[in-house]
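Participant: Please see the structure below; I have some questions.
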Amino acid sequence: MSLRNKVTLIGYTGKEVETVNFENGNVKASVSLATSDHYTNAKGEKVEETQWHNLIAFGKTAEILQKFVPKGKEIAIEGKLTYRSYDDKEGLKRYITEIKVDEILLLGGK
């Protein structure tokens, strides 16, 4: 894996993993991941800031997500940023940023 496009995140899944099975036998899994950052603002108040990330995985990694990662599970992932676009129902072009997961580490209990 290249250092030019590398993402490492630790967070909690925000929903159940959604999978798509293709005719050729390949599997695609997608799930959202929340990462949180904490800081103290200028008024001395503690602030939590949450970012949401769209994850996609294929093959064995997708199968691991499907079998072992329920909603709310803490995971660590490594992958790369990908971008795609599509036309919505009204004909407007929409853009999506996703992280293509290459490796996953299951964290926490359960």
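Values quoted throughout were computed directly from the atomic coordinates according to the rules given, and no laboratory measurement underlies them. A quick note: this is a predicted structure, and the numbers were derived from the prediction, not measured. Cβ sites come from the backbone with ideal geometry, for glycine too, and all protein chains shown count toward neighbours.
Participant: Have a look at LEU9, LEU55 and point out the one that is in contact with a Ser or Thr (Cβ under 8 Å, 6 or more places away or on another chain) and in contact (Cβ under 8 Å) with a residue 60 or more places away in the chain.
Facilitator: Only one candidate qualifies: LEU9.
Participant: Sort out which residues of the stretch 65-110 are aliphatic (A, V, I, L, M) and touching a helix residue (DSSP H, G or I) at 6+ places or on another chain (Cβ under 8 Å), and write them in order of number.
Facilitator: Residues satisfying the conditions are VAL101, ILE104, LEU106.
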